[in-house]
Amino acid sequence: MNIKINFKKQVFNKSSENLILFIDENFNISSLKKSISSSDYSYVSDLLKTRDLKKKIITFDISSKRKIILVSLRKNLTHSGVENLGADCYEIIKEFKRLDFSINSDTAINRSKNIIGHFLHGIKLKSYTFEKYKSKKNTKNITINIFGKNISKSKDWAKFNAIEEGTFYARDLVSEPGNVLHPDEYAKRINSLKKFGLKINIYDERKLKKLGMNTLLGVGQGSIRGSYLVTMEWNGLKNKSRPLAFVGKGVCFDTGGISLKPAKFMEDMTYDMAGSAVVVGLMKNLALRKAKVNAVGVVGLVENMPGGNAQRPGDIVKSYSGKTVEILNTDAEGRLVLADAITYTEKKFKPKFIIDLATLTGAIIVSLGSEYAGLFSNDDKLSKQLIDAGEKVEEKVWRMPLNKNYDKLIDSKNADMQNINYVGGAGSTTAAQFLQRFILDKTPWAHLDIAGMAFSKYGGALNSGGATGYGVRLLNKLIEDNYE
Ligand code: BES
Ligand code: MN
Ligand code: ZN
């Protein structure tokens, strides 16, 4: 569904439009006297007595063609609470026949700043669908006209827009099937973000070989597609201060390789590039809103396929860091891609911190389901910042342990380490311990295992199912609150 938003200064026609009005938690209707016609007022106040006031949104059918929708704003409502209200409201109004609405912003009692902005943000985030491959698309438009004075500055609108664009871009990338968004195509799409002012560097197989990124290359060697490392730089500070770094796993499709996955649900592995999509979406958002920060995004793009040239279990490869890895299971490929990407990021950009994102382990879904991403970090301050940002935008993270005692599980007889732990248990932590070995310079680092968050079968508060874009808003908030 397409959402069109208009700002109108002039007084609207109270008695002919579909109205969305805000009201307090007690549905104290007297506050709306000025905002609706007297006949509507008596109709609504009469009917209100018959309605369940525990609901947050109540709809009145004024006529067959016209509705009044009351949205109650309770005390201490947070920004994300307002966004959820917008999303709930969208779920109600999208079913209506008539799809033009007027919001009287003056009824938004100023309990938290910028209620209208967050309300519309919630509507827009919830309304996203991926219909590219449907012959019959939903061509309906919802038009929302905003009246009144309680409208925030244009700068704030630009920011909401940038976050939406970044989130939708990440969702689009995750939604694309493996036959379309293979590494060659993905690298091209990222390259097109140049036009927003990002500096893009693409390292193809020849360059990666020269650099010695053999753990990344090993994952992609069974595929007819190329393997890439792509860097995206945003210099919003116009100085050379150390950037914030975001690294993403971009496995365009994960068959498991020679350690082939079972057929059932293998199709889900089209979203095994979600970590990288979050990084790309975040960078697009930073560029669109001209964020006052230096940041770099780094993604490893590969396709994990079985084939005549595919990596074998038992292979030993030398990573960019110089450390050697024995590949015991070709399905534990994400950590191999990230290993080289992380070391390269640390060495090349000397960042203030590195945050990597990956759909890394099924085990994190066993631990945390689809409520929290797993957070693994060598830094308490960065962890706290992530936890706080996550609570604020409701993209939550839960800190999980790292400990050197887990190291023995990934030490190898034949190489410096092996890519899986054969003893079993703590699958997400041993994966994180593996990644930590590729931070060579004590850079503050956090790893987010988003395997349970990237995709939603049933939909969440601010998405209607499918790719969630989880992480774009989290990292944007982290930057906004602590680094701008
Ligand atoms: N991409 C998968 C992890 C995954 C599983 C993401 C389910 C989303 C949903 C990853 O590459 C993988 O295969 N991990 C293995 C690791 C194992 C071989 C040590 C896993 O989790 O089973
Ligand atoms: Mn895998
Ligand atoms: Zn994978």
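Only one residue of Cys89, Ser42, Leu53 has its Cα farthest out toward the positive end of the dipole of the stretch 2-152, where Lys and Arg carry +1 and Asp and Glu -1 on Cβ, and that residue is Cys89. Helix 472-482 and the long axis of the chain differ in direction by around 90°, with both axes built from C-alpha atoms. Residues of the stretch 41-63 falling in the label zone of Arg98, defined by backbone nitrogen less than 17 Å from a point 7 Å along Cα to beta-carbon, are 41, 43-44, 59-63.
A straight chain from Ser241 to Asp407 at 0.36 nm per residue would run longer than the Cα-Cα distance by 56.3 nm.
For Asp379 and Arg189, a Förster radius of 30 Å and the Cβ-Cβ distance give a FRET efficiency of 0.40, rounded to the nearest 0.05. Counting only protein heavy atoms and a 1.4 Å probe, tell me what percentage of the stretch 409-474's accessible area is made up of carbon and sulfur. In the stretch 409-474, the share of accessible area belonging to carbon and sulfur is 51 percent. Using a probe of 1.4 Å on the protein chains alone, the accessible area found for Lys188 is around 140 Å². Decide, for the chain, between rounded, prolate and oblate: order the square roots of the alpha carbon gyration tensor eigenvalues as a ≥ b ≥ c, take rounded if a/c falls under 1.5, and otherwise choose prolate if a/b is larger than b/c, else oblate. Prolate, since a/c reaches 1.5 and a/b exceeds b/c. Working from label points 7 Å from Cα in the Cα-to-Cβ sense, the Ile5 to Lys207 distance is 3.8 nm. A Förster distance of 41 Å, applied to the separation of the beta-carbon atoms of Asp24 and Asp481, puts the FRET efficiency at 0.90. Residue separation of Ala263 and Asn141 scaled by 0.36 nm, minus their Cα-Cα distance, works out to 40.0 nm of gained length. With the simple spin-label model, which puts each label point 7 Å out from Cα in the Cβ direction, the Ile224 to Lys134 separation comes to 3.2 nm. Protein-only accessible surface at a 1.4 angstrom probe places the residues Ser223, Ser370 in the order Ser370, Ser223, largest first. Here the 3J(HN,Hα) profile of the stretch 147-154, calculated from phi with Karplus coefficients 6.51, -1.76 and 1.60 at θ = phi - 60°, is 10, x, 9, 7, 10, 6, 5, 4 Hz, Gly and Pro shown as x. Once R0 is set to 45 Å, what does the formula 1/(1 + (r/R0)^6) return for the Cβ-Cβ distance between Trp398 and Ser64, expressed as a FRET efficiency to the nearest 0.05? Working from the Cβ atoms, E equals 0.35. Placing unit charges on the Cβ atoms of the charged side chains and taking the dipole of the chain about its Cα centre, the candidate lying farthest along the positive direction among Val397, Val279, Ile116 is Ile116. Taking the chain as the reference, fit the longest principal axis to its C-alpha atoms, fit the long axis of helix 334-349 to the helix C-alpha atoms, and give the angle between the two in degrees, 0 to 90, nearest 10. Here the helix axis deviates by roughly 90 degrees.
The phi-based Karplus calculation (6.51 cos²θ - 1.76 cosθ + 1.60; θ = phi - 60°) puts the 3J(HN,Hα) values of the stretch 80-93 at 6, x, 5, 4, 4, 4, x, 5, 4, 5, 4, 4, 7, 6 Hz, whole numbers, x for Gly and Pro. List, in the order given, every pair from Lys75/Lys124; Lys67/Lys284; Lys209/Lys396; Lys155/Lys240; Lys194/Lys249; Lys75/Lys290 whose Cα-Cα distance in the structure shown is over 29 Å. Those over the limit are Lys67/Lys284; Lys209/Lys396; Lys75/Lys290. The separation of the stretch 85-150 from the stretch 159-215, counted between C-alpha centres, amounts to 30 Å. Round to the nearest 10 and give me the degree value, 0 to 90, for the angle of helix 274-288's Cα axis relative to the longest principal axis of the chain. Compared with the principal axis, the helix lies near 60 degrees. What pairs in Lys14/Lys56; Lys238/Lys348; Lys33/Lys149; Lys8/Lys292; Lys113/Lys477 have C-alpha atoms more than 20 Å from each other? Pairs exceeding 20 Å: Lys14/Lys56; Lys8/Lys292. For Ile36, the solvent-accessible surface computed with a 1.4 Å probe is close to 10 Å², ligands and nucleic acids excluded.
Expressed to the nearest 5 percent, the antiparallel share of DSSP beta bridges inside the chain is 40 percent. Modelled this way, with points 7 Å down the Cα-to-C-beta line, the labels at Ser38 and Lys199 are 6.8 nm from one another. Peptides 461-471, 84-94, 303-313, 335-345 ranked from most to least packed by the mean count of surrounding Cβ atoms within 10 Å: 335-345, 461-471, 84-94, 303-313.
The values are calculated or read from the model by the stated rules, or taken from the named source; none is laboratory data. Bear in mind the structure is a predicted one, so any value in this text is a computation, not a measurement. Don't worry about glycine lacking a Cβ; one is built from the backbone with ideal geometry, like all the others, and counts go over all protein chains shown. Keep in mind that these areas ignore ligands, DNA and RNA; they rest on the heavy atoms of the full protein, side chains included. Shrake-Rupley method; radii C 1.70, N 1.55, O 1.52, S 1.80 Å.
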